[in-house]
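Asker: The structure's right below; bear with me while I get my questions together.
The values are calculated or read from the model by the stated rules, or taken from the named source; none is laboratory data. Bear in mind that the values here come from a model prediction, so they are computed numbers and not experimental data. Using ideal geometry, Cβ is built from the backbone for each residue, glycine included, and neighbour counts are taken over all protein chains shown.
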Amino acid sequence: MNDRVHFPGHVAPKDIDAVFLTHAHLDHSGAIPMLYISGKPKLYATRATYQQVEILLKDMLKLSGYYLPFGEPEIRKMLISGNSINYGEPVRIKDAEIEFISAGHIPGSCQVVINADKTLLYTGDFTTINTRLINGSDIPGEDFDIIVIESTYAREPHPPRGELEEKIANHVIETVNNGGLVVIPAFSIARSQEVACILYSKGYRGSMYMDGMATKVIELYLNSEDFIDGLDLLTKVYKKLRIVRGRKQRERAQRDSGVVITPAGMLKGGPAIYYTSRVADDPASTIILVSFQLPGTPGDMLLRERKLNIDGKIVPVRAQVYQYKLSAHAGMEQLHEYVSRIAGNSKIFTIHGEPESCEDFANWINNNTSSRAYAPISGETVEV
Ligand SMILES: [Zn+2]
């Protein structure tokens, strides 16, 4: 994927009326403050997205503020510039009506339907698979003129979720029974809380610690009943969870035999670095990665080479290492099923994936549905 940010060059930020944000993840939200350097578009997102994006943007500013072209004032302008809207609550902007429908990706995530002279569905990141925290996406019934759909896993089927949950829980129970510590590096948004729910649901009742930004997010979710389908479960989990608040508790957690769930999911910063370095040399302990690991990240090096960079020194890892990808995106089968259900005579654009994924998905749609699909490249102009 292209890691440089391009805005539509023909529209100046000051001429943009509104921005609709599908969810809080930084690859969707991280550049929006730039629009507030010279513009003031209204921002629309769900309440849960607003709350999570505030946490993520402020953290990004803390970590990389020096390199960013915007600062705290732009983030503040962005956050006060619009309204939070709920699923199924249409908003009118000039002659267009815009509505959010749930996307099942992370709490508060949405797909965007635009009704104007043409109808358009933008899926954003989505999945139809139910997780412990939230249900899968709603499926819109309409025949849209245009569909813009994500393609992240268009070439990769997901293994059954239940199997992954079972394996993760088994490793945790086995390690803890043998006196080891399990470290689960996980994204602070949704994944950390999801993993805690999985372990609880699978009957794990040993020590369970949560550390870092994930603790702030779980407390936010407990007050977001409109956006958490598994709120009862999450409430039970929270009562069992030991929230790590400070150095002393952190030291205690790493000496215990139990499980620690903590960001960062790819070991790029966060308390996960502390815990993984503590268990690296212990064959009785276990590190479980629960997401895709981007090439070049410390998580990727751990997986491929069984090595960690501890204080600038590359050390071999003797702890057991596993990876189970608890994806929040639709896999190949879900993408095919979803698009088959909503495709009428739509013009479909496949985006948000490696070029081969976007192209394969467009070909599949052309061969299996009555819609016409195309994988555009960044910066391309397409007539519809
Ligand atoms: Zn996302």
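Asker: So which residues in the range 108-122 are in contact (Cβ under 8 Å) with a residue 24 or more places away in the chain, more than 12 Å from the ligand (Cβ to nearest atom) and not in a strand (DSSP E or B), if there are any at all?
Answerer: The answer is 118, and nothing else.
Asker: Looking only at residues that are without any contact (Cβ under 8 Å) to a residue 40 or more places away in the chain and among the small types (Gly, Ala, Ser) in the range 363-381, which one is nearest to residue 153 (Cα to Cα)?
Answerer: Step one: of the range 363-381, the residues without any contact (Cβ under 8 Å) to a residue 40 or more places away in the chain are 363, 365-370, 372-374, 376-377, 380-381.
Subsequent filtering for residues that are among the small types (Gly, Ala, Ser) retains 370, 373.
On the way: 370: 22, 373: 17 Å.
In this case the residue turns out to be 373.
Asker: While we're on this one: Do we have residue 181 as touching an Asp or Glu at 6+ places or on another chain (Cβ under 9 Å) and away from the ligand (no atom under 16 Å from the Cβ) here?
Answerer: yes
Asker: Still on this structure: Could you tell me how many of the residues in the range 149-174 are surrounded by fewer than 21 Cβ atoms within 10 Å (Cβ to Cβ) and of a type in the set (A, V, I, L, M, F, W, C)? Before you say what the answer is, go through the steps one by one.
Answerer: Initial filter on the range 149-174 (surrounded by fewer than 21 Cβ atoms within 10 Å (Cβ to Cβ)): 155-164, 166-167, 169-171, 173-174.
If we keep only those that are of a type in the set (A, V, I, L, M, F, W, C) as well, we get 164, 169, 173.
Total satisfying the criteria: 3.
Asker: For the range 271-384, list the helices (runs of 4 or more DSSP H) that sit wholly inside it and hold at least 1 residues that are over 21 Å from the mean Cα position of the chain (by Cα), of a type outside the set (A, V, I, L, M) and outside the structural domain of residue 189 (by TED's automatic domain parsing); which are they?
Answerer: Filter on the range 271-384 gives 332-342, 355-368.
Asker: In the set 289, 335, 308, which member is more than 24 Å from residue 161 (Cβ to Cβ) and surrounded by 22 or more Cβ atoms within 10 Å (Cβ to Cβ)?
Answerer: Details: 289 fails: more than 24 Å from residue 161 (Cβ to Cβ); 335 fails: more than 24 Å from residue 161 (Cβ to Cβ).
Answer to the selection: 308.
Asker: Any idea which of (1) at pLDDT below 95; (2) away from the ligand (no atom under 15 Å from the Cβ); (3) of a type in the set (Asp, Glu) is the one residue 99 doesn't satisfy?
Answerer: (1)
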